[in-house]
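Inspection log for the structure reproduced underneath, given as structure tokens.
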Amino acid sequence: MSIIRVALDVPVNTLFDYLLPDNEVTGEDVGARVCVPFGKNTLTGVIMEVLAHSPIPTQRLRTANRVLRDVPPVPKNVLELFRFCSEYYRHPLGEVVMNGLPTRLRSNKPFIKKTRNEFQYRLTPAGRSTDLSAIPPRNIVKRRLFGRLKGQDAISMTEAKEISSRAAGAIKEFMATGWVEEIKVAPGGCVFEESAPLPVLTPPQQSAVEAISAKTSKFNVWLLHGVTGSGKTEVYLRLISLLLRQGGQILVLVPEINLTPQLEASFRARFPFIRMVSLHSGLNSSERASGWLKAQQAEAQLILGTRLAVFTPLPKLGLIIVDEEHDASFKQQEGLRYSARDVAVFRAKQVGVPVILGSATPSLESYSAALDGRYIRLRLPFRAVKNALMPVVRYVDTRRTKADDGLTAPVIAALERCLALKQQSLVFINRRGYAPVLLCKSCGWTAACHRCASRLVVYLREKQMCCHHCGHREPIPNACPQCGDQDIAPFGHGTQRVTATLEERFPDASIMRIDRDSTRRKDAWQQMLKDIQEKRVDILVGTQILAKGHDFPYLSLVAILNADASLYSTDFRASERLFAQLMQVAGRAGRSGIEGDVLIQTEFPSHPLYRAFQKQDYDALARTLLEERRSAGFPPFMYQALLRAEAPEISVTLSFLSSAAAVAQAPEEIEVFDPVPAQMSRLKGMERACLLVQSSSRKKLQAFLAGWRLRLDTLPSRKVRWALDVDPLEF
Ligand code: ADP
Ligand code: ZN
Ligand code: ZN
């Protein structure tokens, strides 16, 4: 008999041994999925090792049901990556492994995929230039199929049938219209073509491309620090092209699923026939599994995805790109709390390939690594498009110029000018809903969520209030529940209120609100983007959704309302985030030749952060913030871990954290702080608190966490949910 050691999706930090007859398993099966009995259930796990002996007596071991060989095993270097994450983030290995697999492969149903050597179907040039709107909305199958063909080089009939059983008919019709053609491809084979002519690189782009090209077979972290509009994408494209010619696979990570279609389109436009897959949460489980498999079998050359894609097996990995590396969405905030950016760096090092971290406002962690010489910084200091200048930033002092319904006269005047010139403007307010608070003017009562430590946001048209943390909704009351007065009213401004004000002020303008509420419907955001790019919108009102990475060629004015709240936050990362956000939003303006203006309504126009922003001087601010962090003992000069705990009663939470502190047995180099309430001290009825530990040595912190985690596992924790968060971004 052989022993297999299996990773299972259970919350204990151990692997499980099972028996299998010698003729049913070999060393080749390491990384294969396996079905095993567990308690009364059958679970699917991954074979981590095949052994001759187990420390557990054979008679106590159970026999595994069967090894699944439907797909090739997870390669050794990915298993190693899982091991690294499990150790670094102190998270059970079984959960890490299973979390890294696509959902479809976590089940015990075999995965059947037959796409090799099939005919493939792809869009013809006529099909590529045809818009999705050419297909009537009621034709759901055709629309989905067409959308899929647009996003991919070619698809097989099997894949088409994953979309709908009626796909074959639709493909036939597309072929009859001349939109789709049939091609026969050899496995893995495909033509490499690059669309021409390529833009002439700016000198900084040129040096960046040359620097990285000279070292493509070596691990280095390249920090591509380029102002908004400096053409980072073009640098990526050149390096992708080089790597594709060398036969390598390229992994591109983006912070948000919303950003994938745009990058996908630039990649597709440049390399029409490469095999590209997208991996993100918007796909259904078979689409995701099939993309993952194509990557694993090196059929996909370019893999574009959100954070989870960092775990995709890539046998020919040659380059990793992390776009907008400073973005907090790369950090997973539940379960395995990993940073995809940091895992990407580890992965590049593991296989000895370059990794590019791109940003206009690098995280202070990456920035300081570049100052230390651990990362290599490449600067793109100006915009790539001829004559496109950085926007001019001005402040409207709201202590002197009062705002009327949230908007000051200079902002209104600027919007008017923009409308007259038929240019677009953007009003940025990072708060959705009508108003953030419902307030009683007689007694000061405000509507709060009964499950969370938060206020309810007012939705006037819906006559509802909603908690943005737990989703709880209730109707707006007619009178104050505390004093009975009817003088209750929305207080403050959200996107809906600003939109309403502007609609009243500019009845002829076309105004579009863009926030998580208005983009919730699938594909809504893509349609809105198109309306903006085709100039059917005059004024955009939106939250940070708008800030990220999009190119709005007609936008010349950005007005920023209510940014002050983050200036005096207790979170030491708030300034860094605010600056990044301001740079991002401002960066949308004036990208293609028309001059850009940025107006900020603030009570603190001379705040150092705003001054640095006015000069668009990231370096000055970064150095100041780093100095502050050094003297206050914060990251990146300290390494932190947070023990988070929550329970229905705060006393239970705190007593758990106290026992945790008591078993810390921390050596001198480790600081253990007192438990404090979490930033959201109550969420969904749970009282939350956390305990911070830190050290100036990452290694020592890691050594300490290893021992502490074992002791934490033995603490009584009835009714308490707890988790360790290594390198936390939030408190
Ligand atoms: P970033 O990602 O750095 O904000 P983008 O990659 O979106 O910037 O590029 C901004 C604009 O500049 C795009 O419209 C792009 O087509 C254009 N661009 C990039 N490189 C060049 C170049 N070398 N010459 C002319 N235009 C360029
Ligand atoms: Zn009242
Ligand atoms: Zn709530």
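Can you tell me which of (1) farther than 30 Å from residue 523 by Cα; (2) in a helix (DSSP H, G or I) is the one residue 71 doesn't meet?
Tallying (1) farther than 30 Å from residue 523 by Cα; (2) in a helix (DSSP H, G or I), residue 71 fails exactly one: (2).
From the list 48, 98, which residue is in a helix (DSSP H, G or I), touching a Lys or Arg at 6+ places or on another chain (Cβ under 6 Å) and surrounded by 16 or more Cβ atoms within 10 Å (Cβ to Cβ)?
Details: 48 fails: in a helix (DSSP H, G or I).
Answer to the selection: 98.
Would the range 645-656 turn up any residue that is on the phi > 0 side of the Ramachandran plot and surrounded by fewer than 16 Cβ atoms within 10 Å (Cβ to Cβ)? Break it down stepwise before answering.
Of the range 645-656, the ones on the phi > 0 side of the Ramachandran plot are none.
For the range 645-656, residues on the phi > 0 side of the Ramachandran plot and surrounded by fewer than 16 Cβ atoms within 10 Å (Cβ to Cβ): absent.
Please enumerate the residues belonging to the range 528-550 that are part of a helix (DSSP H, G or I) and touching a Lys or Arg at 6+ places or on another chain (Cβ under 9 Å).
As a first pass, look at the range 528-550 and keep what is part of a helix (DSSP H, G or I): 528-533, 544-546.
Selection gives 530, 545, 546.
Cβ contacts < 7 Å: first residue under 14 Å from residue 183 (Cβ atoms) and part of a helix (DSSP H, G or I), restricted to the range 149-163; second residue modelled with pLDDT of 75 or more and basic (Lys, Arg), any location; separation 6+ or different chain. Result?
149/122
So, in the range 441-465, of the ones that are more than 25 Å from residue 398 (Cβ to Cβ) and more than 34 Å from the chain's Cα centre (by Cα), which residue ends up nearest to ligand 3 (Cβ to nearest atom)?
As a first pass, look at the range 441-465 and keep what is more than 25 Å from residue 398 (Cβ to Cβ): 442-443, 445, 447-454, 456, 459, 461-465.
Within this subset, residues satisfying the condition of being more than 34 Å from the chain's Cα centre (by Cα) are 442-443, 445.
Working: 442: 25, 443: 23, 445: 17 Å.
Filtering the range 441-465 for residues that are more than 25 Å from residue 398 (Cβ to Cβ) and more than 34 Å from the chain's Cα centre (by Cα), the one nearest to ligand 3 (Cβ to nearest atom) comes out as 445.
From 469, 550, which residue is in contact (Cβ under 8 Å) with a residue 60 or more places away in the chain, within 33 Å of the chain's Cα centre (by Cα) and within 16 Å of ligand 3 (Cβ to nearest atom)? Explain how you work it out, then say what you get.
Numbers: 550 fails: within 16 Å of ligand 3 (Cβ to nearest atom).
It is 469.
May I ask you to list the residues in the range 366-417 that are buried (at least 17 other Cβ atoms within 10 Å of the Cβ), assigned to a strand (DSSP E or B) and within 16 Å of ligand 1 (Cβ to nearest atom)?
377, 378, 380
Just to verify a result, which residue in the range 291-324, among those that are of a type in the set (D, E, K, R) and more than 15 Å from residue 260 (Cα to Cα), is modelled with the lowest pLDDT? Walk me through how you get there before you give the answer.
So in the range 291-324, the residues of a type in the set (D, E, K, R) come out as 294, 299, 307, 316, 323-324.
Next cut, more than 15 Å from residue 260 (Cα to Cα) only: 294, 299, 316.
Numbers: 294: 91, 299: 87, 316: 95.
Filtering the range 291-324 for residues that are of a type in the set (D, E, K, R) and more than 15 Å from residue 260 (Cα to Cα), the one modelled with the lowest pLDDT comes out as 299.
Collect the residues in the range 581-614 that are under 26 Å from residue 632 (Cα atoms) and in contact with a helix residue (DSSP H, G or I) (Cβ under 9 Å, 6 or more places away or on another chain), keeping them in residue-number order.
581, 582, 583, 604, 605, 607, 608, 609, 610, 611, 612, 613 - these are the residues of the range 581-614 that are under 26 Å from residue 632 (Cα atoms) and in contact with a helix residue (DSSP H, G or I) (Cβ under 9 Å, 6 or more places away or on another chain).
Just for the range 418-434: of the residues that are buried (at least 22 other Cβ atoms within 10 Å of the Cβ) and among the aliphatic types (A, V, I, L, M), which one is nearest to ligand 1 (Cβ to nearest atom)?
426
Within the range 243-260, count every residue that is over 14 Å from the mean Cα position of the chain (by Cα) and crowded, with 19+ Cβ neighbours inside 10 Å. First the steps, then the outcome.
The first filter runs over the range 243-260 and keeps only residues over 14 Å from the mean Cα position of the chain (by Cα), leaving 243-251.
Narrowing further to those that are crowded, with 19+ Cβ neighbours inside 10 Å: 243-244, 248-251.
Of the residues in that region, 6 qualify.
Please determine, by comparing only the residues of the range 472-517 that are within 16 Å of ligand 2 (Cβ to nearest atom) and assigned to a strand (DSSP E or B), which one is farthest from the chain's Cα centre (by Cα).
Restricting attention to the range 472-517, the residues satisfying the condition of being within 16 Å of ligand 2 (Cβ to nearest atom) are 476-491.
Of the ones still in play, those that are also assigned to a strand (DSSP E or B) are 488-491.
Values: 488: 39, 489: 36, 490: 33, 491: 32 Å.
The qualifying residue farthest from the chain's Cα centre (by Cα) is 488.
Only one of 438, 389, 415, 421 is in contact (Cβ under 8 Å) with a residue 24 or more places away in the chain and within 16 Å of ligand 2 (Cβ to nearest atom). Can you tell me which? If you could, list the steps in order and put the result at the bottom.
On the way: 389 fails: within 16 Å of ligand 2 (Cβ to nearest atom); 415 fails: within 16 Å of ligand 2 (Cβ to nearest atom); 421 fails: within 16 Å of ligand 2 (Cβ to nearest atom).
After ruling out the rest, the residue left standing is 438.
Looking at (1) touching a residue at least 60 places away in the same chain (Cβ under 8 Å); (2) within 16 Å of ligand 3 (Cβ to nearest atom), can you tell me which one residue 427 breaks?
Of everything listed in (1) touching a residue at least 60 places away in the same chain (Cβ under 8 Å); (2) within 16 Å of ligand 3 (Cβ to nearest atom), residue 427 misses just condition (2).
Taking the options 106, 69, name whichever one is modelled with pLDDT of 85 or more and closer than 18 Å to residue 8 by Cβ.
Details: 69 fails: closer than 18 Å to residue 8 by Cβ.
None of the other options fit; the residue is 106.
Could you tell me which of the residues 432, 417 is within 16 Å of ligand 3 (Cβ to nearest atom), more than 30 Å from residue 204 (Cβ to Cβ) and not aromatic (Phe, Trp, Tyr)?
Working: 417 fails: within 16 Å of ligand 3 (Cβ to nearest atom).
On inspection, the qualifying residue turns out to be 432.
Could you please give the count of residues in the range 152-182 that are within 20 Å of residue 126 (Cβ to Cβ), of a type in the set (Asp, Glu) and surrounded by fewer than 21 Cβ atoms within 10 Å (Cβ to Cβ)?
Count: 3.
Where the second residue is in a helix (DSSP H, G or I) and the first is free of Cβ contacts under 8 Å to residues at least 24 places away in the same chain and lies in the range 620-632, which pairs have Cβ atoms under 7 Å and are six or more apart or on separate chains?
620/612; 624/608
Every residue in the range 555-569 that is touching a residue at least 40 places away in the same chain (Cβ under 8 Å), in a loop (DSSP other than H, G, I, E, B) and surrounded by fewer than 19 Cβ atoms within 10 Å (Cβ to Cβ), please. Don't jump to the end; show me each part of the working.
Filtering the range 555-569 for residues touching a residue at least 40 places away in the same chain (Cβ under 8 Å) gives 555-564, 567.
Subsequent filtering for residues that are in a loop (DSSP other than H, G, I, E, B) retains 561-563, 567.
Within the range 555-569, just 567 meets the criteria.
Looking at the range 675-709 only, could you name the residues that are out of contact with any Cys (no Cβ under 8 Å at 6 or more places or on another chain), aliphatic (A, V, I, L, M) and either more than 18 Å from residue 640 (Cα to Cα) or within 16 Å of ligand 1 (Cβ to nearest atom) (or both)?
Within the range 675-709, 686 is the sole residue that qualifies.
When the range 210-232 is examined, which residues are found to be free of Cβ contacts under 8 Å to residues at least 60 places away in the same chain and either surrounded by 20 or more Cβ atoms within 10 Å (Cβ to Cβ) or in a loop (DSSP other than H, G, I, E, B) (or both)?
First, pick out the residues of the range 210-232 that are free of Cβ contacts under 8 Å to residues at least 60 places away in the same chain: 210, 213-214.
The answer is 214, and nothing else.
Of everything in the range 442-457, what is within 16 Å of ligand 2 (Cβ to nearest atom) and either surrounded by 13 or more Cβ atoms within 10 Å (Cβ to Cβ) or β-branched (Val, Ile, Thr) (or both)? Give them in sequence order. Full working, then the answer.
Of the residues in the range 442-457, the ones within 16 Å of ligand 2 (Cβ to nearest atom) are 442-448, 455-456.
442, 443, 445, 446, 447, 448, 455, 456 - these are the residues of the range 442-457 that are within 16 Å of ligand 2 (Cβ to nearest atom) and either surrounded by 13 or more Cβ atoms within 10 Å (Cβ to Cβ) or β-branched (Val, Ile, Thr) (or both).
The values are calculated or read from the model by the stated rules, or taken from the named source; none is laboratory data. Predicted, not measured: the structure shown is a model, and the values here were computed from it. No Cβ is skipped: glycine too gets one built from the backbone with ideal geometry, and neighbour counts run over all protein chains shown.
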